[in-house]
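The structure appears below as structure tokens.
The values are calculated or read from the model by the stated rules, or taken from the named source; none is laboratory data. What you see is a predicted model; the values in this text were computed from it and never measured. Backbone-built Cβ (ideal geometry, glycine too); neighbour counts: all protein chains shown.
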């Protein structure tokens with residue numbers, strides 16, 4: 001369960017305004033009270049401790065949630081450790097590390113392009129349960145083809161590039177990916193409710209993915225002057241597959257993290273506080289964090305918004321930061337990565353605040369879901385005292 005040393009006695013103890021915190025919590029619980037979401041969980045932290053950790057609906061503070069692509073921050077941060085130790089260079093060709101990958105024009109793909117979604121194979125298929133079979137995973141890598149020249153454009157890779165990064169971590173560390181994440185990040189930080197590859201004994205705590213609401217039509221998108229989002233592997237069926245035992249066991253590096261909102265917020269506190277929590281061991285050096293959180297490109301996404309991508313994370317940037325998953329009141333230096341279904345995770349070095357928000361209710365109305373994220377993030381980012 002949650003280590004009590006990470007929970008502040010009062011919000012003011014870590015510089016959080018209790019009145020603004022109450023506004024945040026009221027906003028968080030709105031969709032549960034309205035009957036849209038079955039459950040949600042939120043945590044806000046500052047100065048290495050939680051100012052609040054609350055759960056609403058059919059769940060409790062011991063419940064675990066699938067955070068989907070929020071997992072990319074954890075997997076990427078595992079890769080940063082190899083860079084920190086001189087075991088990996090982002091300019092390296094992936095094929096020089098994984099020779100089996102060097103097919104169908106992929107010889108030019110670099111490690112940095114894996115992190116930044118510019119590698120050119122966003123929709124490459126991979127059966128998650130094949131991860132435990134080395135031959136099958138390498139056969140998948142070899143079969144993949146490029147959709148466009150690596151480095152020439154940005155298109156979000158929901159899972160494909162992170163599978164390759166996990167393979168690189170295993171080859172350069174000689175440690176299984178899930179074990180590496182657990183031993184090098186989760187256990188040293190004391191995040192006992194954070195799993196990448198969830199043990200069977202914890203499955204009863206996981207809230208099942210439930211889809212709610214009605215999807216938007218082409219006319220709805222046209223009325224907003226926005227393009228219809230492209231169809232990707234992130235389908236309702238794919239997300240609901242994580243309700244199955246065998247899927248929960250797989251350490252899906254691009255989207256399989258299972259945790260509490262508290263552990264998610266505390267993970268980001270470590271990224272804010274020189275790579276450590278409280279008086280625990282230093283995981284990442286300040287130099288590593290500065291390097292990893294440097295914007296690598298501003299290529300546009302499908303909506304024409306500059307992606308503002310660092311090594312695996314998104315940097316808030318300019319006034320379009322709300323379209324990158326941040327609130328209006330975050331600073332331009334905030335960084336994070338959201339997840340399918342409206343999961344939220346970010347940290348802001350200007351205020352020292354980090355936020356974790358999880359729900360098992362995945363709203364089919366993408367705009368309503370996005371507005372919820374902006375509303376929650378904007379209120380959370382404004383919670384600092386003074």
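Residues of the range 1-24 being under 18 Å from residue 65 (Cβ atoms) and either more than 23 Å from the chain's Cα centre (by Cα) or surrounded by fewer than 17 Cβ atoms within 10 Å (Cβ to Cβ) (or both), which ones?
Within the range 1-24, 1 is the sole residue that qualifies.
Which numbered condition trips up residue 353, out of (1) surrounded by 24 or more Cβ atoms within 10 Å (Cβ to Cβ); (2) in the same structural domain as residue 257 (by TED's automatic domain parsing); (3) under 20 Å from residue 76 (Cβ atoms); (4) at pLDDT 95 or above?
Just one mismatch for residue 353, condition (3).
Select from the range 218-235 the residues that are part of a helix (DSSP H, G or I) and surrounded by 15 or more Cβ atoms within 10 Å (Cβ to Cβ) and list them in ascending order.
220, 221
Six or more apart or on different chains, Cβ under 8 Å: which pairs go from a residue in the range 180-207 that's free of Cβ contacts under 8 Å to residues at least 24 places away in the same chain to one that's part of a loop (DSSP other than H, G, I, E, B)? Could you list them?
183/175; 186/192
State whether one or more residues within the range 299-322 are part of a helix (DSSP H, G or I), within 23 Å of residue 370 (Cβ to Cβ) and in contact (Cβ under 8 Å) with a residue 24 or more places away in the chain.
yes
What's the total number of residues in the range 169-179 that are surrounded by 22 or more Cβ atoms within 10 Å (Cβ to Cβ) and either out of contact with any strand residue (DSSP E or B) (no Cβ under 9 Å at 6 or more places or on another chain) or under 17 Å from residue 280 (Cα atoms) (or both)?
Summing the residues that are surrounded by 22 or more Cβ atoms within 10 Å (Cβ to Cβ) and either out of contact with any strand residue (DSSP E or B) (no Cβ under 9 Å at 6 or more places or on another chain) or under 17 Å from residue 280 (Cα atoms) (or both) in the range 169-179 gives 1.
Could you check, for the range 131-140, whether at least one of its residues is out of contact with any strand residue (DSSP E or B) (no Cβ under 8 Å at 6 or more places or on another chain), assigned to a loop (DSSP other than H, G, I, E, B) and touching a residue at least 40 places away in the same chain (Cβ under 8 Å)?
There is no residue in the range 131-140 that is out of contact with any strand residue (DSSP E or B) (no Cβ under 8 Å at 6 or more places or on another chain), assigned to a loop (DSSP other than H, G, I, E, B) and touching a residue at least 40 places away in the same chain (Cβ under 8 Å).
In the set 199, 215, 208, which member is assigned by TED's automatic domain parsing to the domain that holds residue 56, farther than 19 Å from residue 75 by Cβ, surrounded by fewer than 17 Cβ atoms within 10 Å (Cβ to Cβ) and modelled with pLDDT of 95 or more?
208
When the range 318-331 is examined, which residues are found to be over 18 Å from residue 46 (Cα atoms) and in contact with a helix residue (DSSP H, G or I) (Cβ under 7 Å, 6 or more places away or on another chain)?
Answer for the range 318-331, where residues must be over 18 Å from residue 46 (Cα atoms) and in contact with a helix residue (DSSP H, G or I) (Cβ under 7 Å, 6 or more places away or on another chain): 322, 325, 328.
Given the residues 42, 67, 32, 28, which is the only one that is buried (at least 23 other Cβ atoms within 10 Å of the Cβ), part of a helix (DSSP H, G or I) and in contact with a strand residue (DSSP E or B) (Cβ under 6 Å, 6 or more places away or on another chain)?
Exactly one of 42, 67, 32, 28 is buried (at least 23 other Cβ atoms within 10 Å of the Cβ), part of a helix (DSSP H, G or I) and in contact with a strand residue (DSSP E or B) (Cβ under 6 Å, 6 or more places away or on another chain), namely 28.
Return the only residue of 371, 379 being without any contact (Cβ under 8 Å) to a residue 12 or more places away in the chain, part of a helix (DSSP H, G or I) and out of contact with any strand residue (DSSP E or B) (no Cβ under 7 Å at 6 or more places or on another chain).
When all the criteria are applied, what remains is 371.
Report whether or not residue 281 is buried (at least 17 other Cβ atoms within 10 Å of the Cβ), in contact with a helix residue (DSSP H, G or I) (Cβ under 7 Å, 6 or more places away or on another chain), part of a loop (DSSP other than H, G, I, E, B) and touching a residue at least 40 places away in the same chain (Cβ under 8 Å).
No: the conditions fail for residue 281.
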